[in-house]
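Quick notes on the structure that follows.
The values are calculated or read from the model by the stated rules, or taken from the named source; none is laboratory data. Keep in mind it's a predicted model, so treat the numbers as computed, not measured. Neighbour counts are summed over all protein chains in view; Cβ atoms, including those assigned to glycine, are modelled from backbone coordinates with ideal geometry. Note: areas computed on protein heavy atoms with side chains; ligands, DNA, RNA excluded. Shrake-Rupley method; radii C 1.70, N 1.55, O 1.52, S 1.80 Å.
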Amino acid sequence: MNHRSERVSSLIQEELNKIISKEVEFFNCLVTITSVNVDNKLDRAVMNFSVIPSKKSEEVFRILEKAAGHLQYLLLKKLSIKPLPRISFKIDYGPEKAAEVEKLLMEEDNK
């Protein structure tokens, strides 16, 4: 990833987290954009997100995919990036897996 792609990724992640917290209704769960991967041509951006509780990840994925066009529009209004990469979403299971490993380590220490 080149320097411009990294800067665009960072800007999109910051703004999208703000927009999602205000604009999208998730029932009884916390959604966080954990990382953004923008291709070198700045055509596409994949938003990795985590959900607490993780059992609602698939439901949140469907909500985000359905709202992608609107979120793209809101991002375009906030950021002065032309053209703005087309966004898509991917579930990030990293935080969930890290919690499982930590739990296993704690159980092992208690034995």
Considering only residues that are within 21 Å of Pro95 (Cα to Cα) and either of a type in the set (Gly, Ala, Ser) or in contact with an Asp or Glu (Cβ under 6 Å, 6 or more places away or on another chain) (or both), look in region 1-44 and name the one that is most open to solvent (accessible area, probe 1.4 Å).
-> Ser21
Complete set of residues in region 73-82 that are out of contact with any helix residue (DSSP H, G or I) (no Cβ under 7 Å at 6 or more places or on another chain) and either closer than 16 Å to Ser10 by Cα or open to solvent by less than 40 Å² (accessible area, probe 1.4 Å) (or both) = Leu76, Ser80, Lys82
From (1) in contact with a helix residue (DSSP H, G or I) (Cβ under 7 Å, 6 or more places away or on another chain); (2) under 15 Å from Ile12 (Cα atoms), pick out the condition that doesn't hold for Ser50.
-> (2)
Any idea which of (1) in contact (Cβ under 8 Å) with a residue 40 or more places away in the chain; (2) out of contact with any helix residue (DSSP H, G or I) (no Cβ under 8 Å at 6 or more places or on another chain) is the one Ile20 doesn't satisfy?
-> (2)
